[in-house]
Amino acid sequence: MDKIRQNLGYFTESHKDIYDSYKEFGKKVHMDGGPLDEKTRWLVKVSISATQRYEYALRTHIQKALTAGCTREEIEHAILLTAPSSGFPTMMEAIMILREELD
């Protein structure tokens with residue numbers, strides 16, 4: 001994960017305007033993109049990160065979901081719901097990451 005953070009640091013220094021625009025876009029979609037409440041938005045992001053097998057994002061979104069008031073059970077349910085669409089092994093990998101984050 002250190003390589004990911006180092007790469008992000010490189011990108012934000014080398015392409016600050018692009019990164020700032022990307023961050024602003026992400027905030028706008030998250031906050032003003034529609035009627036979903038804060039907890040639901042983070043559970044959706046957990047699910048998407050799980051199905052994409054993007055570990056860094058999944059870990060980040062788990063922590064942000066907890067901060068937004070989601071329970072472990074809600075986060076785990078969001079991950080379980082990915083199994084029919086993305087497959088059992090993908091879901092199990094996400095459960096493992098959840099357990100690493102919370103245990």
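The values are calculated or read from the model by the stated rules, or taken from the named source; none is laboratory data. Treat the numbers as computed from the prediction; the structure is a model and nothing was measured. A quick note on method: Cβ atoms are made from the backbone with ideal geometry, for glycine too, and the neighbour counts reach across all protein chains shown.
Overview of values
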{"read-out": "Selection status of S49, surrounded by 14 or more Cβ atoms within 10 Å (Cβ to Cβ) and polar (S, T, N, Q)", "value": "yes"}
{"read-out": "Spans of helices (runs of 4 or more DSSP H) in the stretch 1-75 with at least 3 residues out of contact with any Cys (no Cβ under 6 Å at 6 or more places or on another chain) and not assigned by TED's automatic domain parsing to the domain that holds R99", "value": "2-14, 16-32"}
{"read-out": "Scope the stretch 1-29; condition under 18 Å from the mean Cα position of the chain (by Cα) and either among the β-branched types (V, I, T) or surrounded by 15 or more Cβ atoms within 10 Å (Cβ to Cβ) (or both); matching residues", "value": "I4, V29"}
{"read-out": "Leading residue by the ranking (nearest to N7 (Cα to Cα)) among those in the stretch 61-94 that are β-branched (V, I, T) and buried (at least 16 other Cβ atoms within 10 Å of the Cβ)", "value": "I62"}
{"read-out": "Enumeration of residues in the stretch 30-56 that are modelled with pLDDT of 95 or more and among the aliphatic types (A, V, I, L, M)", "value": "L36, L43, V44, V46, I48, A50"}
{"read-out": "Extreme residue, nearest to E55 (Cα to Cα), among residues of the stretch 30-41 that are surrounded by 12 or more Cβ atoms within 10 Å (Cβ to Cβ) and not hydroxyl-bearing (S, T, Y)", "value": "R41"}
